[in-house]
Amino acid sequence: MSGSTFGHLFCVTNFGESHGPAIGCVIDGCPPGLPLAESDIQPDLDRRRPGTSRHVTQRNEADRVEILSGVYEGVTTGTPIALLIRNTDQRSRDYANLLDTFRPGHADYSYWRKYGLRDPRGGGRASARLTAPMVAAGAVAKKWLHERHGTRFVGWMSQIGDITIPFVDEAQIAQNPFFAPDAAIVPQLEAYMDALRKSGDSCGARITVTAQRVPTGLGEPLFDKLDADIAYAMMGINAVKGVEIGSGFGVVTQKGSEHGDELSPEGFRSNHAGGVLGGISTGQDLVVSIAVKPTSSIRLPRASIDRQLQPTTVETHGRHDPCVGIRATPIAEAMLALVVMDHALRQRAQCGDVSVAVPPIAGAAPGSPRG
């Protein structure tokens, strides 16, 4: 199957299926000498894994990562890093009635038309479970970027259904199952999700993710723009149907006098561009938002067809997230980290000798004007 490898210099090849014996990835291109252990990767997998609260699927996967290659005496060797995550809690019988029918809004029909066959168990290769290896690879990228450039990634849920979540305190993100930066709104979110699960329906979500202390100069001015690659990566996440960078669709109503981020000797005065100008990073924070669609697997009866194109009704049972966006924050962080990592290595390869004398700005990456 083509289309399973992401990146140019930091390449991640993803493998496995939702109900196979294991899932994982191979990272090719990680620089040698990076201290790396399973304990560097596991925390991000724990943030993403299922069964962490009553508001997500109750599939109970430990998602313990194993490093099979590419690390010797605690540091990366520059050779391919193989990461394995074993599946331990598959319930394939829950999908027995889906072999001949297609869930509306799911990949069942399009996958069947493309390949002529499909694995219906948990969505097979189309399952969001395949985001776990990308989160593992993203953790490796995060560590290298932080050690090399001080870069850090922060994501949060900014909306679920019709409830907008204000950004109040970053410290609250890790304190609740919604990745919500506002402790006061959590009871409202819990009540909303409890009612949604009881009704058998699902909802969408908006996730915002930032990369802070990003080096300047990442990206190319034409087809490999940094923001274009970010959008490509985010649209590769299951169930994502929209991507905004900076002000996003808000630019439609902005005037040029408002949207253009003015500069001063102290740095940028705003960040409507989301940290990218002309496809190249400015050194400001990268700011990205994604729209995650409602879960397609719901208990409510929906009209569909079978493989003989006869009308039928589909009701999906089993263990599913009523809002897949609840666990999407660490995934969005990981995909952004993979893009920044790949471009950082590409910048080092082509322009590693370029030096622009810029006076230091408080709180900014070296040589990077910040808003």
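The values are calculated or read from the model by the stated rules, or taken from the named source; none is laboratory data. All figures in this text were calculated on a predicted structure; none of them were measured in a lab. Every residue, glycine as well, gets a Cβ built from its backbone with ideal geometry; the counts of neighbours run over all protein chains shown.
Observations on the structure shown:
- Answer residue from the range 102-144, given it is touching a Leu at 6+ places or on another chain (Cβ under 9 Å) and basic (Lys, Arg) and is nearest to residue 78 (Cα to Cα) among those: 143
- Residue 331 meets the conditions (1) in a loop (DSSP other than H, G, I, E, B); (2) within 17 Å of residue 127 (Cα to Cα); (3) within 19 Å of the chain's Cα centre (by Cα) in every case but one. The failed one is (1).
- The sole residue among 133, 166, 181, 221 that is in a loop (DSSP other than H, G, I, E, B) and either polar (S, T, N, Q) or surrounded by 17 or more Cβ atoms within 10 Å (Cβ to Cβ) (or both) is 181.
- Look at the range 168-194: where a residue is at positive phi and a partner is hydroxyl-bearing (Ser, Thr, Tyr), sitting 6+ places away or on another chain with Cβ atoms under 8 Å, you get 179/329.
- Residues in the range 104-118 that are of a type in the set (D, E, K, R) and under 24 Å from the mean Cα position of the chain (by Cα): 1 in all.
- Residue identified as over 14 Å from the mean Cα position of the chain (by Cα) and closer than 17 Å to residue 211 by Cβ among 300, 277, 263, 336: 277
Quick grid of which residues meet (1) of a type in the set (Ser, Thr, Tyr); (2) outside any helix (DSSP H, G or I):
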position: 291; (1), (2): no, yes
position: 300; (1), (2): no, yes
position: 304; (1), (2): yes, yes
position: 308; (1), (2): no, yes
position: 340; (1), (2): no, no
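- Set side by side, the residues 214, 154 differ, and just one is part of a loop (DSSP other than H, G, I, E, B), closer than 19 Å to residue 286 by Cα and not charged (D, E, K, R), which is 214.
- Long-range neighbours under 8 Å by Cβ, at least six apart or interchain, first residue within 21 Å of residue 131 (Cα to Cα) and surrounded by fewer than 16 Cβ atoms within 10 Å (Cβ to Cβ) within the range 63-77, second acidic (Asp, Glu) and modelled with pLDDT of 95 or more: 64/38; 66/38
- Within the range 131-152, residues that are in contact (Cβ under 8 Å) with a residue 12 or more places away in the chain sit with their Cβ atoms under 6 Å from residues that are of a type in the set (Asp, Glu), at 6+ positions apart or across chains, in these pairs: 132/63; 135/44; 139/44; 143/40.
- Options 233, 211: the member that is in contact with a strand residue (DSSP E or B) (Cβ under 6 Å, 6 or more places away or on another chain) and either over 22 Å from residue 131 (Cβ atoms) or buried (at least 20 other Cβ atoms within 10 Å of the Cβ) (or both): 211
- With respect to (1) surrounded by 16 or more Cβ atoms within 10 Å (Cβ to Cβ); (2) at pLDDT 85 or above; (3) small (Gly, Ala, Ser), the lone exception for residue 116 is condition (1).
- For the range 101-108, the condition holds for at least one residue, the condition being that it is in a loop (DSSP other than H, G, I, E, B), in contact with an Asp or Glu (Cβ under 7 Å, 6 or more places away or on another chain) and either of a type outside the set (Val, Ile, Thr) or more than 17 Å from residue 48 (Cβ to Cβ) (or both).
- Pairs, first acidic (Asp, Glu) in the range 226-242, second not in a helix (DSSP H, G or I), C-beta under 8 Å, six or more apart: 227/219; 227/245; 227/274; 227/276; 227/279; 229/219
- Odd one out for residue 251 among (1) buried (at least 21 other Cβ atoms within 10 Å of the Cβ); (2) farther than 30 Å from residue 108 by Cβ: (1)
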